[in-house]
Each structure stands twice: as structure tokens, then as C-alpha cells.
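Below is one structure, written out as C-alpha cells; comments come after it.
The values are calculated or read from the model by the stated rules, or taken from the named source; none is laboratory data. Here the structure is a predicted model, which means the values were calculated and not measured. Every residue, glycine as well, gets a Cβ built from its backbone with ideal geometry; the counts of neighbours run over all protein chains shown.
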């Protein structure tokens, strides 16, 4: 027989919500109550389970299986566990053990189906519990995906400038370049280097050098097109891939960027001194089936010529 204190707990459980315990007491009377010591395992991952367990006293710990099991939730009096694996016949994916001394009511397979046949309310409550589990699972998946995307974004962004980094450049530029080749669309690459960058560090310190890098990255965002791909290549060098731009169009865009950097003001140091920042740009138009590495090499060679020819200029390959 179910004790009076146990009846009170069962009356508050989700499975018997709005159900008269008197109406199902005959079935419950046949169900055993197990006493658990702390650490006793109730459900083991990958082992068959044929019962639903309702906590009468104490708490159960639910842990996800894996190399290192970790707890995902606690179940207290009135809560149930095991319903999914009992209904679908699949082996459970979680480990359930007593978090301390506990007592559980064991609804075996036969008892559970007898309850479902006797009470439509129990059937409705079971569906309600299962739908809640699915909803919680979907929320957990969405949260996990959001975190994964955040980590992926952090791994591909240069923290200092906010532009994408070299790792992103290698993957995304190459993919866009192949797309332009396949669609017979033009594309051009800019390699951009800050002129005399070492002088900023030597004169005002490395924080000033960081400010110059951020300044140039802002100008790239302001003067390149929304469809252009931008990244910090490394050190004081940046890169931009311009899809759907012919050589003449890319020259105009590169000159607009160069002018934008030159004529925008930047204040450095505690004295608030305004400094002049300039960039040199090497430009190369993509050739049919040319790999990204070869395109970068040609744009880089043009960049070196821009440096040799006096800096603050754009040189085509």
C-alpha cells in the first residue's frame, strides 16, 4: 500500500497531475518502492530500462554520458525519470543515480501501461512530460549551437582590429575566388601595408601602433564596398578581395581607400598630436583558375613596388 506521505508526493507529481490517487491506487499498490543509498545507480547509459521511477524522497542526479559524465539536472520528490527509454524501447543516454539517501516508486512496464489504459489523464500527462523533455532538448541544442557559432566567430576574428584574421582569409577568399572563376566573373585582390609603421611604435609606443591599425581597419570599412571581403593579413598588412571588380574598377576603389586613409585625422599620445597615416597598396586581377596563393604573391610583389616607388600609392601587378 502507498503510505499517506507518499500519496501526497504522488498527488503533486507531474505524471499524476489532476489525477485522483484513489482511482489508480490498485495499480500503485503493486509497484515496489526502492530505497537508495547515495551513489546508487538507478539508470545506466546503454543498458535497457523498463520502468519509470518517481522520486518519493531525496534527490536523483542526472548525468550525460561521455568520456567525462557531467550533471545536467537534479530531480526531487514528485519528479519522474526513465519515461523516454521505457516508451521508445531504446537504451537511455543518461546516467541517473541517487544524490543522497532516496526512495523511488518503480512503475514497471506492465504497471505503466495499466495506468495508461485506466486513465486518459495519465496518458495526457505522460505526453506533456515527454513534450517538455523535447522542448528542453531543443533549447539545449540551440544554446549549444549559439555557443559553437560564437566560438567559431571568435576564432576567425582579429581581436585588435575587428576584421577577420588570416585563417578566415585563407578559407573565405579561396572560396569566393573559385566562385568567381566558375561564374566567369572578375575579381581583384588588394594587399595593403601601413607606411613606416615602425615609426609609430618607436615614437608613441605600441598602444599608438594599435590605434593606427584600428584606424586603417575603420577606413577599409568606410571606403571599400559592402560586398568586398576584408581581413588583417598579419602585422601591419591587410588584404581585401574585390569580387565582380575589373582591374580599372579595382584601381578606383584602391585609390579611394588610399585617399581616405591619408586625409582622415588620427590623434596619438597624451599630447593629442594629430598624425598623418598613409598606406601603400598592391593590386592584382585574378587570372582564370589561378589559386589564391599565386594571386597573393602577385599582389604582394606590386605592393613592394609601391613601397620602392615612394609609398602612399597604388601599384597594379
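Suppose the filter is at positive phi and either at pLDDT 95 or above or in the same structural domain as residue 310 (by TED's automatic domain parsing) (or both); does residue 221 pass it? Quick ask: steps written out before the conclusion?
Numbers: at positive phi: no; either at pLDDT 95 or above or in the same structural domain as residue 310 (by TED's automatic domain parsing) (or both): yes.
So residue 221 does not fit the description; no.
Among the numbered criteria (1) more than 37 Å from the chain's Cα centre (by Cα); (2) farther than 30 Å from residue 204 by Cβ, which single criterion is violated by residue 290?
Single failed check for residue 290: (1).
Can you tell me which condition residue 208 does not meet? The list is (1) within 18 Å of residue 279 (Cα to Cα); (2) at pLDDT 95 or above, and all the others hold.
(2)
Could you tell me which of the residues 210, 202 is farther than 19 Å from residue 299 by Cβ and free of Cβ contacts under 8 Å to residues at least 24 places away in the same chain? Spell out how you get there, then give the answer.
Details: 210 fails: free of Cβ contacts under 8 Å to residues at least 24 places away in the same chain.
Selected residue: 202, the only one of 210, 202 that is farther than 19 Å from residue 299 by Cβ and free of Cβ contacts under 8 Å to residues at least 24 places away in the same chain.
Given the criterion farther than 19 Å from residue 157 by Cα, surrounded by 19 or more Cβ atoms within 10 Å (Cβ to Cβ) and in contact with a helix residue (DSSP H, G or I) (Cβ under 9 Å, 6 or more places away or on another chain), identify the matching residue among 306, 245, 288, 250.
Numbers: 306 fails: in contact with a helix residue (DSSP H, G or I) (Cβ under 9 Å, 6 or more places away or on another chain); 288 fails: surrounded by 19 or more Cβ atoms within 10 Å (Cβ to Cβ); 250 fails: in contact with a helix residue (DSSP H, G or I) (Cβ under 9 Å, 6 or more places away or on another chain).
Of the residues listed, the single one that is farther than 19 Å from residue 157 by Cα, surrounded by 19 or more Cβ atoms within 10 Å (Cβ to Cβ) and in contact with a helix residue (DSSP H, G or I) (Cβ under 9 Å, 6 or more places away or on another chain) is 245.
Let me confirm something: among 58, 121, 78, which residue is touching a residue at least 24 places away in the same chain (Cβ under 8 Å), surrounded by 14 or more Cβ atoms within 10 Å (Cβ to Cβ) and over 23 Å from residue 35 (Cα atoms)? Talk me through it step by step, then tell me what you get.
Values: 58 fails: over 23 Å from residue 35 (Cα atoms); 78 fails: over 23 Å from residue 35 (Cα atoms).
Answer to the selection: 121.
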